[in-house]
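J.: First the structure, which I've put down as structure tokens, then a few questions once you've had a look.
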Amino acid sequence: MFSRSSGFFTLAILAFFVPAPIAQAEPFKLFDPGSEREVDYEKYGEFKNAGTFDYQYMIKDREGLAKASGEGVDPNRSLWKDPAFKEYKAKERLTKAPWNYVQSGDSQADFYAWAMCSEDPGLRLLFTGRALEEAGHYDHALKAYRASMILYPKSFCWSRKRVYTWPVAPVAWGSIIRLTQSHPEMNLKLVDALVKVHANVGGDPTRNDVAVTPGRFIQYTPQDRERSRADLSRLKIVSRRGGKVACVQYDNGQWGLQMDGKPFFVQGVSYLPTKVGFHIKDWNWMDADENKNGKNDVAYETWIDKNKNGVQDADEPVVGDFKLLQEMGCNAIRMFTDHPLNLPLLREMRQNFGIYGILNEPLGAYTVHSGASWEQGTDYRDPQQRNKMLEAVRSMVEQSKNEPWLLAYVLGNENNMPANFSGVNASRTNAAVYPEAYASLLNEAAALIHKLDPDHPVGVGNMGLNLLDVYAQKAPELDFIGINEYAGKEGFGALWEAAKAIFDRPVLIVEFGCDAYRTGRGVDEEAQAEYHRNNWQDIVFNRTGKPGTGTSIGGIVFEWLDEWWKDTSVKDRDGIHDTDPTIEMAFPDGWSQEEWLGIAGQGEGRSSPFLREPRKTYDIYRQLWRAPKESSQR
């Protein structure tokens, strides 16, 4: 709520941003492509304890495995015999550190540099695969990714400032999924695979628990992909969680969301507009009426600064955010419950603009509604704090349960963030330290909501997939999984497959997005727009009836408007639009500028809260969300 994170320790993040590889017209020639297209690991070794945290692969025929794998893929060492590699070495084209060979413009050099380097072996194979993929050697790239996942499950990489680590095996798994999906001509699909990571609470990445189920490749043609599409009208609903709004499961195992018995796909926006010069805690948009004319400032009186001169000209009429959101194709906004709700305004939002509200109760995140001190953080073992949070849940439901604008409830906002995380986004809870206590409160809160309001579903607002297996055991009352995820411009990797395997519930991406500012370059609307387009396409690919998992029920863009108070590392600067890199993220420059995440800006701030500058991302969503085939039914 007050900040947001990249989803550290999840199954999809690639912390150092690597742009999507683009195949070269003429791939360089591989000296040793290997004897097998898909390496049959069972032929050369033994999988022990697959699917458990004691997993390991024992090589029995190293020579055979090396021959099957080909150069650059462990345990093969034929790279050192490659004449082209020797030439690159002789000409001193491989003298820099390996991180200089990430999309350097010479994919052959990138391949050689990573295949020969002394980095962590799983990481080495991951980036070897990236170089091969960029060069157009897709089959060989798959072998590198798969070797990383199977041979080195506990590999990890530190962020540049050593604030956090990210696990390699799930990224390798996600890379396999992404590559085979983006190149259906490969006629391959990895099935029955799963990677689970339990990050060590003490922060020691060498003690992370990693479970690998290796899965297997099957032949999967573009025709097979088309046949995997399902006609919802022909599917039978076998499970319903909710009433007026319900999460429904079909007889093919896929999930969807229904409103009054009709399919509904969430095209949402996190809506937290804040006037420049104020902190979000001190300014409630629902009560904003700066000019004292009886109209809500942000809902009805904002205007687009077309010429970006900071003042409202004659050809820049008042539009209002609700209208701008409606024209964008937005059908839901995410709101937090730390401020009083303006019920008449929200009714107008639904009645006049067709926009619903998703209520997000922090459930102790940032100590909201727990009564805990900021220094100690919320303690989910404390009966008094638990009761206070449940009372906040009760109050939210009793106030809103019969409202026509209500769509769903979300509990928490990244409360599962590791307690030892030292960045600016720490949520100040002990959920990661005592996960069962947190899960039991989630279950109790969800059960309370079901009792008070059986008409609307409830989900968790989680940071990635961490603790999801605990929720599956201890919080069965949850109707859907809400996930905050910032995994890069290529989409969400293996998130969909992992979530489906761990907890059989539909998935709502509660937060995703990208900042619009690039370090050293300035405002970069194009990169932000590309990121959003690719992420949304991944969300749609996995919705009910589509070729993916069929578990996606939509996504919520983070966020509508730049918020100038977000850079919490600098005090008393609410009136400055800060451009300092705040935290490492999988964004175009590898950083997040926390105050630039809006898909609309506030100009230079002088005309806040009224001025709007919609960015290219806004237009992208107008195209994607208003398309007849993909638009939600209301």
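What follows is calculated from the coordinates using simple rules that are stated; it is not laboratory data. Note that this is a predicted model, so its numbers are computed, not measured. All Cβ positions, even for glycine, are placed from backbone atoms using ideal geometry, and neighbour counts span all protein chains on display.
J.: Tally Lys and Arg at +1 and Asp and Glu at -1 over the other residues with C-beta under 13 Å from the C-beta of Glu497: what net charge comes out?
T.: Values: positive: Arg178, Lys189, Lys196, Lys500; negative: Asp192, Asp504, Asp538.
In short, +1.
J.: Sticking with this one: GluC sites (Glu not before Pro), restricted to segment 335-398: which are DSSP loop and have at most 14 other Cβ atoms within 10 Å? Don't jump to the answer; show the numbers that get you there.
T.: Details: sites: Glu348, Glu375, Glu391, Glu398; in loops: Glu375.
Sites meeting the loop and neighbour criteria: Glu375.
J.: For a protection proxy built on the mean count of beta-carbon atoms within 10 angstrom, sort 250-260, 359-369 highest first, please. Numbers along the way, then the final one.
T.: On the way: 250-260: 18.7, 359-369: 25.7.
Those peptides, ordered most packed to least, come out 359-369, 250-260.
J.: Moving on. Rounded, prolate or oblate: which one fits segment 64-133, using the alpha carbon gyration tensor with axes a ≥ b ≥ c (rounded when a/c is under 1.5, else prolate when a/b beats b/c, else oblate)? Could the numbers behind the result be given before it?
T.: On the way: a/c = 1.83, a/b = 1.25, b/c = 1.46.
It comes out oblate by the Cα gyration axes.
J.: In deg cm²/dmol and to the nearest 500, what is the mean residue ellipticity at 222 nm of the chain if only DSSP H runs of at least 4 residues count, each as -39500 (n - 2.57), divided by the residue total? Spell out each step's value before the answer.
T.: Numbers: 17 runs with 180 residues, N = 634.
Mean residue ellipticity, 222 nm, calculated: -8500 deg cm²/dmol.
J.: Hey, rough spin-label estimate for Glu26 and Val191, points 7 angstrom out along Cα→Cβ, what's it come to in nanometres?
T.: With each label point 7 Å from Cα toward Cβ, the separation is 4.0 nm.
J.: Same structure again: So who's got an amide H within less than 5 Å of the one on Asn484, skipping anything under 5 residues away but keeping other chains? H placed 1.01 Å off N, in plane.
T.: Asn462, Met463, Gly464, Val510, Glu511
J.: First select every other residue whose beta carbon is under 10 angstrom from the beta carbon of Asn307; then total the charges, Lys and Arg +1, Asp and Glu -1.
T.: Details: positive: Lys306, Lys308; negative: Asp305, Asp313, Asp315, Glu316.
Summing Lys and Arg as +1 and Asp and Glu as -1 gives -2.
J.: Starting from 0 in steps of 10 Å, tell me what percent of the Cα-Cα pairs of segment 435-534 lands in each bin.
T.: Binned Cα distances yield the sequence 15, 38, 25, 16, 6, 0.
J.: Still on this structure, please answer the following. Can you tally the net charge around Ala600? Count Lys and Arg as +1, Asp and Glu as -1, for every other residue whose Cβ sits under 10 Å from the Cβ of Ala600. Present the calculation step by step, with values, prior to reporting the outcome.
T.: Details: positive: Arg612, Arg615; negative: Asp321, Glu559, Asp562, Glu613.
Net charge in that neighbourhood comes out at -2.
J.: Over all pairs of distinct alpha carbons, what does the Kirkwood formula give as the hydrodynamic radius of segment 339-395, in Å? Walk me through the intermediate numbers first.
T.: Details: mean 1/r = 0.0768 Å⁻¹.
About 13.0 Å, per the Kirkwood formula over Cα pairs.
J.: Please go through the residue pairs Lys451/Lys474; Lys29/Lys89; Lys43/Lys546; Lys236/Lys474; Lys189/Lys616; Lys275/Lys323 and name each one whose alpha carbons sit more than 23 Å apart in this structure. Walk me through the numbers on the way to the answer.
T.: Details: Lys451/Lys474 18 Å; Lys29/Lys89 17 Å; Lys43/Lys546 35 Å; Lys236/Lys474 28 Å; Lys189/Lys616 34 Å; Lys275/Lys323 19 Å.
Beyond 23 Å: Lys43/Lys546; Lys236/Lys474; Lys189/Lys616.
J.: Short version: ³J(HN,Hα) in whole Hz for each residue of segment 70-81, in order, from phi by Karplus 6.51 cos²θ - 1.76 cosθ + 1.60 (θ = phi - 60°), x for Gly and Pro, what are they?
T.: Result, rounded to whole Hz: x, 5, x, 10, 4, x, 5, 10, 6, 3, 6, 9.
J.: May I ask what percent, to the nearest 5, of DSSP beta bridges between residues of the chain are antiparallel?
T.: Working: 35 of 72 bridges.
Bridges in the chain are about 50 percent antiparallel.
J.: Another question, if that's okay. [x] 154; [y] 176; [z] 194: which one is volume of the Cα convex hull per residue in Å³ as calculated from this entry?
T.: Comparing each candidate, only [x] matches the computed number.
J.: So, one more: List every residue whose amide H lies under 5 Å from the amide H of Gly554, counting only residues 5 or more places away in sequence or on a different chain, with H placed 1.01 Å from N in the peptide plane.
T.: For Gly554, the qualifying residues are Val266, Ile509.
J.: Here's a follow-up. Explain nothing, just the number: dipole magnitude of the chain about its Cα centre with +1 on each Lys and Arg Cβ and -1 on each Asp and Glu Cβ, in debye rounded to the nearest 20.
T.: On the way: 74 positive and 87 negative charges, 270 e Å.
With Lys and Arg at +1 and Asp and Glu at -1, about 1300 debye.
J.: Right, another one. Amide H to amide H, which residues 5 or more places from Lys189 or on other chains are under 5 Å from it, using H placed in the peptide plane?
T.: Ile218, Tyr220
J.: May I have the pair-distance distribution P(r) for segment 38-158, computed from all Cα-Cα distances with 10 Å bins from 0 and rounded to whole percent?
T.: Taking all Cα pairs of segment 38-158, the binned fractions are 14, 44, 31, 10, 1 percent.
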